[in-house]
Structure formats: C-alpha cells, structure tokens
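Remarks on the structure that follows.
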Amino acid sequence: MTEEETPVPQPAPTPLSDLAHETAEEHPPPAASAGATVFDVDDLSVLYSGFRAVKDVDISITKHEITAFIGPSGCGKTTVLRCFNRMNDLIEGAAVEGSLKYHGVDLYGKDVNPVEVRRRIGMVFQKPNPFPKSIFENVAYGPKLAGIKKKSELDGIVEQALRGAAIWDEVKDRLHKSGLGLSGGQQQRLCIARALAVNPEVILMDEPCSALDPIATGRIEDLMEEIKQDYTIIIVTHNMQQAARVSDRCAFFTTEVNPDSDQRTGTLVEFDATEKMFSNPSDERTENYVTGRFG
Amino acid sequence: MVRAGFNAELEQLRLQVEVMAVRVDQNLERMKDFLAAGDLEVAAVTVAADDDIDAMNLSLTERCYDLLARESPVASDLRFVMSVLRVLGELERVGDLALRVVKVGEDWSLVRASASTYDILVSMAETSVEQFREALRAWSSQDLDLADHLARSGPVLDVANAQLVRELLLLEGPSAVATALHSLVIGKSLDRIADHSAIIGSRLRYLLTGDPDHLAAEIR
C-alpha cells in the first residue's frame, strides 16, 4: 500500500501520533524490526467493580509475531486480550491496574484516544459478525468513517484488504451482495479483511476459528501465517494444537481460587517460546494443561 | 484428572516395553548359558525367542504410531512416546547381538579351547548383562539416578576388549584363526550390548528431564 492510497484516517491529532508508528513507515520490512517490542505489559490487573478478575500479567508482544493466549475457561485470557485495544473501557465498572505500554506509551494514559487505539489495534471476534451490508460496504466501512470518499480509492483499499484476507478470488464477482450470504469461514475472512482495511498494526483475534470447520480453520491459520509479515497478531484460542501450530510465543493463564472467599482470579502462569511451552514447559501447571491433564 | 484412558495407555506402553526388555534379558541369560556350555539346543531356543522379541517390537511401534495419530501427545507425553520408539530400537539391537553370540554354534568348542581368551569373554558377558539389567531396572522404575549413572558409564568393556585382541594375537596352531575370528565377534557383540544398555539410560534420562543437553548427549 502506498501513502496515497491510505491517508492517515485521523480527524484530529492524537497523543498516539507521537509514536514511531507513522503512516510513512507504516509497515517497515520485518527484517528491520524483527524482535521489536510492540506491547510491554507489566504487572497488569483487570478489575470489574472492584473485583480482581485477572492479575500478575507480565508479557511483551513482539512485532511480526503471533502470540497465543491459552488457558481454561474463565482464566481471563479474553479479558487480557481486550485490554490491548481498550475494549474493556466499554464495560461499566471495568478498570485496569499496572502498566500496558504500546511502543513505550501508556495505552491507558489520560490523553490517549481510544478510537485511534482501536484503529491501530484491530479485532476479530469469535463469531463472524459481518454488518448486514454488502461485502464491499463491510470492508469500506472503516475507511469511509476515516473520511475516505473517493470511489476509486475505496475500490483499491477494499480489493487490497480482501486480497490480504485471502478471500478476493471468492468474492470479487459478488462484491455488492450481502456479506451474510457467505459461509462461516468466508464471513470470518471478510471480518479479517474489514480489520485490515483501516491499516492497523496489530490484530487481536478472540477464538477466531471456534465457530469454523477444520478446512475453514486451516485457511484462517494459513492466512495468519501470511499476514504476520505485515502485522502483529495476538490470538486467544481454546484449541491447543492451534496455538502450537500458529504461534511464536505462548502465554498460559489459569484460575486461582481464593479459599476464603471462593473468588476466582485469572493469573498468568508462564510466558515463553511456543516450542518450549509445548515440549518442556517450566511450570507444572502448564505441563498439566498442555498435556490435557488439567485439574 | 482427565484423559484417564490416555494415561492408562501410556502406562500400559511403559509396562509392555518392560516386558520386552525382560524377554531380551532372558535371551541374554541363554546367551550366557550357551557361552558356558556350548549347548546347541539353548542356541536354538534363543533364536526362536528372538522372533517373539521382533514381533513385540513391531506391535509396540504400531502402538506408538497410533498414539501419535490419535492423541497428539505434547511435552512429557511426546517425549515418552518418542523415547519408547527409540528404546525399542535399542532393545531389538541388544536381542540381535545376543543372537550373534549363539550363532557361533558348534564352533563354540574352538572358542572354549583357548582358556585365556575364553575367560575374558565370560567375564565380559557378565559385565554386559549386568549393564543391561541396570538399564532394565532404570526403565521399570523410571529412575533418573540410575539412568544418569548409565548415561555417564562410558565404554565399560573397552579395556577388556583390547586385552582380548592382544591375547588372540598370541594364539598359535591350526585352529588359531578360527578361534580368533569367533572370539572377536563374540567380544564385539558383548561390548555393543553394554553400549546399547548405556544408550537406553541416556534416552531415559532425556525422557525424565527434557533437558536439551541431555538430548544432545543422547544423540552424540
């Protein structure tokens, strides 16, 4: 994508524009930035109305890598994922403690604009959720919101995004038909295209394949492998084989129960290279979980 | 604890490997008996028993493939299945080496005829079988100390083997060459039995620790 095709969709200057992540160097070649830290999470906790839902999260997310969050239901992995683009702001009573830095800037800083955060850090959900609009409109929605009006420009962005999500060939002749007419797997790739259209740096995926059959799942996994050259991906998955297949690093969360109050709090147990986590994890709880003996 | 069926299958597999090792051990005992008396019937029983060992090797290898395909084991489970596959290979090899000794057959009398070298062979057989028993004990109790001891034991029969060769070179007379050739084959086989037993120890050590250095030591 050239600069002309994708002007920065920024209505007003935001504090985030201080970051190195500018349009001119939107996607530097991976080699130049391999190993760079995108997020630095230090002692993060998430509270819902004063109740500590997740605690002790120390993670760093590396550029152009896929980081997987695994763990049993209720361990807080989705809650933590939603911190990365401030989706928890939308939940009343939710609060975050500790620090979550995005390129060194506190993501929860007072003057950070959450809308800009969500443009740079896109999200794909568990259940494919296309808008009840045409395929084209689904993808063009974000860029239009950002002020792009020219038809030729939108055409270019939509095609690029659909190609990026490996669905262009399947939909190019029916761009103006409803997105809801696609199969589940196609809908999910459409949602990925929609996320790509606003040119984010990071894509958060919350169990993106849990509603898909194995073939569609395989396509999404292939796609993740392809797009990680240009994006940084964090994925929450229940499918351990999927985490083992696609991720470079892996974080295992579990639930601790306070015996006095019976309160359950999610906590990070281990964060390491995926290879290590699935061959010889350091923590016995990780071993028990990845070998399927949790509990 | 979930995956109870899978756990049971892994435990069953560990036991079956032990059973196969016991059969190899029985054949090693027969090999020693043959070496002591040159009984051709004992040699024949050893050869027949080795077919059972080979059949076990095949069926346990199939079980490993099956577990890999159905259960996708990871971490210690994966190391376990891979170690079983590799230990099976060692057991099968030790079984074959015992056969090599008994296949000397009626030429045993030529080996027996040279007292000095024969005594060395009998003592080497003791050592190699003892080494194998230690490997068997280590496997059946999944004992890291024993495994580590075996892995560090080094070439226990090198000195005896060198001494055997020196003695054989001194042999004279019409049957000296035949005696030397058979004795060499037996000596080399016993030496290798001890080596393979030590390798079982190093494979077990990596299974138990998962330490990359132990894997490197195992491959060597």
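The values are calculated or read from the model by the stated rules, or taken from the named source; none is laboratory data. Here the structure is a predicted model, which is why all the values come from computation and not from measurement. We place every Cβ from the backbone using ideal geometry, glycine too, and count neighbours over all the protein chains shown.
A:ALA193: farther than 27 Å from A:ASP56 by Cβ, buried (at least 24 other Cβ atoms within 10 Å of the Cβ) and either of a type in the set (Asp, Glu) or out of contact with any Lys or Arg (no Cβ under 9 Å at 6 or more places or on another chain) (or both), yes or no?
no
Tell me, which helices (runs of 4 or more DSSP H) lie completely within the stretch A:106-185 with 3 or more residues that are under 30 Å from A:ASP40 (Cα atoms)?
A:114-120, A:135-145
Taking the condition within 12 Å of chain B (Cβ to nearest Cβ) and exposed (fewer than 15 other Cβ atoms within 10 Å of the Cβ), does A:ASP260 pass?
So A:ASP260 fails the test.
Can you tell me which of (1) surrounded by fewer than 16 Cβ atoms within 10 Å (Cβ to Cβ); (2) in contact (Cβ under 8 Å) with a residue 60 or more places away in the chain; (3) in contact with a strand residue (DSSP E or B) (Cβ under 9 Å, 6 or more places away or on another chain) is the one A:SER49 doesn't meet?
(2)
Within the stretch A:266-283, take every residue that is out of contact with any helix residue (DSSP H, G or I) (no Cβ under 9 Å at 6 or more places or on another chain) and under 25 Å from A:VAL46 (Cα atoms) and give me the one that is farthest from the other protein chains (Cβ to nearest Cβ).
Restricting to residues being out of contact with any helix residue (DSSP H, G or I) (no Cβ under 9 Å at 6 or more places or on another chain) and under 25 Å from A:VAL46 (Cα atoms), the top hit is A:THR267.
Is it true that some residue in the stretch B:9-16 is touching a residue at least 40 places away in the same chain (Cβ under 8 Å) and within 14 Å of chain A (Cβ to nearest Cβ)?
For the stretch B:9-16, residues touching a residue at least 40 places away in the same chain (Cβ under 8 Å) and within 14 Å of chain A (Cβ to nearest Cβ): present.
Answer yes or no as to whether A:ILE215 is more than 12 Å from A:GLN126 (Cα to Cα) and assigned to a strand (DSSP E or B).
No, not satisfied.
Wholly within the stretch B:55-156, which helices (runs of 4 or more DSSP H) include no fewer than the required count, namely at least 3 residues that are at pLDDT 95 or above and within 14 Å of chain A (Cβ to nearest Cβ)?
Ranges flagged: B:75-102.
Pairs needed: first member in the stretch A:87-109, closer than 15 Å to A:LYS55 by Cβ; second member anywhere, assigned to a loop (DSSP other than H, G, I, E, B); C-beta distance under 7 Å; at least 6 residues apart or different chains.
These pairs meet every condition: A:VAL96/A:TYR108; A:LEU100/A:LEU107; A:LEU100/A:TYR108.
Conditions first: (1) within 14 Å of chain B (Cβ to nearest Cβ); (2) surrounded by 15 or more Cβ atoms within 10 Å (Cβ to Cβ); (3) of a type outside the set (Ser, Thr, Tyr); (4) more than 15 Å from the chain's Cα centre (by Cα). A:ALA243 passes all but one, so which condition is the exception?
Unmet condition: (4).
Please state which of the following conditions A:PHE253 fails to meet, knowing it meets all the rest: (1) under 30 Å from A:GLY164 (Cα atoms); (2) more than 14 Å from chain B (Cβ to nearest Cβ); (3) in contact with a helix residue (DSSP H, G or I) (Cβ under 9 Å, 6 or more places away or on another chain).
All conditions are met except number (1).
Could you tell me which of the residues A:ILE167, A:ILE157 is under 24 Å from A:GLN229 (Cβ atoms), among the β-branched types (Val, Ile, Thr) and touching a Lys or Arg at 6+ places or on another chain (Cβ under 9 Å)?
Criteria check complete, one pass: A:ILE167.
Here are the criteria: (1) within 21 Å of A:THR79 (Cβ to Cβ); (2) within 14 Å of chain B (Cβ to nearest Cβ); (3) without any contact (Cβ under 8 Å) to a residue 40 or more places away in the chain. Tell me which single one A:PHE294 does not satisfy.
(3)
For the stretch A:222-237, what are the residues that are part of a helix (DSSP H, G or I) and either surrounded by fewer than 18 Cβ atoms within 10 Å (Cβ to Cβ) or within 14 Å of chain B (Cβ to nearest Cβ) (or both)?
Within the stretch A:222-237, A:ASP222, A:GLU225, A:GLU226 qualify.
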